[in-house]
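J.: Following this message is one structure expressed as structure tokens.
The values are calculated or read from the model by the stated rules, or taken from the named source; none is laboratory data. Here the structure is a predicted model, which is why all the values come from computation and not from measurement. Here the Cβ positions follow ideal geometry from the backbone for every residue, glycine too, while neighbour counts run over all protein chains shown.
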Amino acid sequence: MYKFTSIILLVVIFLTMAAPVFAQGEKTDPAKSAASEGAPADEAAKEEAPAAMPWQILAGAAFGSGLVILGAGYGIGRIGSAAVESMARQPEVAGSVQTAMVISAALIEGVTFFALIVCLLSVIFRY
């Protein structure tokens with residue numbers, strides 16, 4: 001019960017930390033705003049260019065990447081632990097257990113790399 005409550009609390013904390021990222025203003029097209037104001041499009045584009053990436057986006061990507069790595073490490077550790085324990089109990093099935101362990105670890109690594117790429121692409125394609 002305590003473990004479930006702490007996981008729920010962590011999820012709520014993480015979601016409240018991500019809330020400022022979703023509170024962005026509406027993007028405007030520099031050409032349309034320049035045409036409506038009568039100014040050249042180049043000047044309007046210079047005025048409305050984003051100054052820098054908000055720190056919340058970078059922090060969210062770093063935090064997401066960290067969670068992915070921690071989850072993968074925990075999962076692969078559990079797989080290795082269970083495999084070594086089962087090999088110790090039944091040495092005659094060590095080959096098949098090792099094969100299953102390597103396949104499972106490879107699948108976890110594949111999902112981990114995909115999640116890391118998604119975290120990094122969220123920063124790159126922010127603007």
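Okay, residues lined up against (1) surrounded by fewer than 14 Cβ atoms within 10 Å (Cβ to Cβ); (2) at pLDDT 90 or above; (3) within 30 Å of P54 (Cα to Cα):
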position: Y74; (1), (2), (3): yes, yes, no
position: A88; (1), (2), (3): yes, yes, no
position: E92; (1), (2), (3): yes, yes, no
position: S104; (1), (2), (3): no, yes, no
position: T112; (1), (2), (3): no, yes, yes
position: R126; (1), (2), (3): no, no, yes
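J.: Is it the case that some residue within region 42-50 is surrounded by 14 or more Cβ atoms within 10 Å (Cβ to Cβ) and modelled with pLDDT of 60 or more?
T.: Checking region 42-50: not a single residue is surrounded by 14 or more Cβ atoms within 10 Å (Cβ to Cβ) and modelled with pLDDT of 60 or more.
J.: Here is a list of conditions, (1) in a helix (DSSP H, G or I); (2) under 29 Å from I57 (Cα atoms), and R126 meets all of them except one; can you say which number that is?
T.: (1)
J.: Also, quick follow-up: Being of a type in the set (A, V, I, L, M) and either part of a loop (DSSP other than H, G, I, E, B) or under 10 Å from the mean Cα position of the chain (by Cα) (or both) is the filter here, so list the residues in region 62-119 that pass it.
T.: Those that are of a type in the set (A, V, I, L, M) and either part of a loop (DSSP other than H, G, I, E, B) or under 10 Å from the mean Cα position of the chain (by Cα) (or both): A62, L67, V68, I69, A115, L116, I117, V118.
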